[in-house]
Amino acid sequence: MKSILENRPALAREVEKVAEIAGYLWQKGWAERNGGNITVNITDVIDEEIKAMPAISEVFPIGKAMPNLKGAYFFCKGTNKRMRDLARWPMENGSVIRITEDCEHYVIIADNPVKPTSELPAHLSMHNYMIEKGNGYKAAIHTHPIDLVAMSHNPKFLEKDVLTNLLWSMIPETRAFCPRGIGIIPYALPSSIELADATIKELSDYDVVLWEKHGVTAVGPDIFEAFDMIDVLSKSAQIYMTAKNMGFEPDGMSSKDMTELKEAFNLPK
Ligand code: 13P
Ligand code: ZN
């Protein structure tokens, strides 16, 4: 069977990037079984021939209207598919979908009828929001980092910006490379519309959000940028935990150091 990626280097590159990140998620221990999901808005690299391709699935409801996604295309991890398999065989463990004209449904168009992630309502809500904002962001990632999920089990860390300030103060890079911090989403049922709605509410302030007792979700211009923000936050969480394991509360950078960094790097918060 001919793959949609054949003779389409720009599209193939987008899928390759997803596969690369999927491998990192597995290596980091953030992706047990089918844990986590990735979607990328690939509409910009879709040609007329793809637009004419018929659906290879029934028409599925999204569960929510996505007014800005009319006719848009996404590469999505499949539901119940493993990240470690997505890394090696992206087109067997993910698929290309097209949003229908009514903005409330989607169809799968290639390569295989792999049903997209169960978190599609949250992912598409984030993409819909990013188009509304016009920020040029194309990627969304959800994963289960052990350290950050563990921290979400402590109510003290769930108060607004407590975790952001703590993680920022562990190492300068986290402040610089996750400059909007991490928002908190109270526990909600995985794959629910409630979780999707709560997530987009926080995106006006944050590019990364913590789903309480579940995982972390991030958006970015591409999948590398979205992954990197979670990676620097996780590094900070590890530094915090390591200090605690050595028996002391880490000092954290001083507020003077933090302000100096904000000015030097021209950071938004
Ligand atoms: P999917 O396999 O449906 O992508 O679900 C994984 C997950 O992490 C749900 O939150
Ligand atoms: Zn999850």
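The values are calculated or read from the model by the stated rules, or taken from the named source; none is laboratory data. Since this is a predicted model, take the numbers as computed values, not measurements. No Cβ is skipped: glycine too gets one built from the backbone with ideal geometry, and neighbour counts run over all protein chains shown.
Tell me, which residue of region 188-241 that is among the hydroxyl-bearing types (S, T, Y) and not in a helix (DSSP H, G or I) is nearest to H153 (Cα to Cα)? Write out each step before concluding.
At the first step, the residues of region 188-241 found to be among the hydroxyl-bearing types (S, T, Y) are 191-192, 199, 204, 206, 217, 234, 236, 240.
Then keep just the ones that are not in a helix (DSSP H, G or I); that gives 191-192, 204, 206, 217.
Working: S191: 20, S192: 20, S204: 24, Y206: 20, T217: 17 Å.
If we take residues in region 188-241 being among the hydroxyl-bearing types (S, T, Y) and not in a helix (DSSP H, G or I), then T217 is nearest to H153 (Cα to Cα).
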Restricting to region 55-68, name every residue that is outside any strand (DSSP E or B) and either within 16 Å of ligand 1 (Cβ to nearest atom) or polar (S, T, N, Q) (or both).
S57, I62, G63, N68
Criterion first (in contact with a helix residue (DSSP H, G or I) (Cβ under 9 Å, 6 or more places away or on another chain), touching a residue at least 12 places away in the same chain (Cβ under 8 Å) and closer than 24 Å to P90 by Cβ) does T174 satisfy it?
no
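Tell me, please, whether a residue that is under 30 Å from A237 (Cα atoms), within 16 Å of ligand 2 (Cβ to nearest atom), assigned to a loop (DSSP other than H, G, I, E, B) and at pLDDT 95 or above can be found in region 69-78. Full working, then the answer.
We begin by selecting, within region 69-78, every residue under 30 Å from A237 (Cα atoms); these are 76-78.
Now narrow it down to the ones that are within 16 Å of ligand 2 (Cβ to nearest atom): 76-78.
If we keep only those that are assigned to a loop (DSSP other than H, G, I, E, B) as well, we get none.
Looking through region 69-78, none of the residues is under 30 Å from A237 (Cα atoms), within 16 Å of ligand 2 (Cβ to nearest atom), assigned to a loop (DSSP other than H, G, I, E, B) and at pLDDT 95 or above.
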Is it true that some residue in region 46-54 is surrounded by 20 or more Cβ atoms within 10 Å (Cβ to Cβ) and either away from ligand 1 (no atom under 15 Å from the Cβ) or modelled with pLDDT of 95 or more (or both)?
yes
Number of positions in region 97-127 that are more than 16 Å from ligand 1 (Cβ to nearest atom), outside any loop (DSSP other than H, G, I, E, B) and under 30 Å from Y206 (Cβ atoms)
3
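In this structure, is K17 surrounded by 14 or more Cβ atoms within 10 Å (Cβ to Cβ), more than 25 Å from S234 (Cα to Cα) and more than 16 Å from ligand 2 (Cβ to nearest atom)?
no
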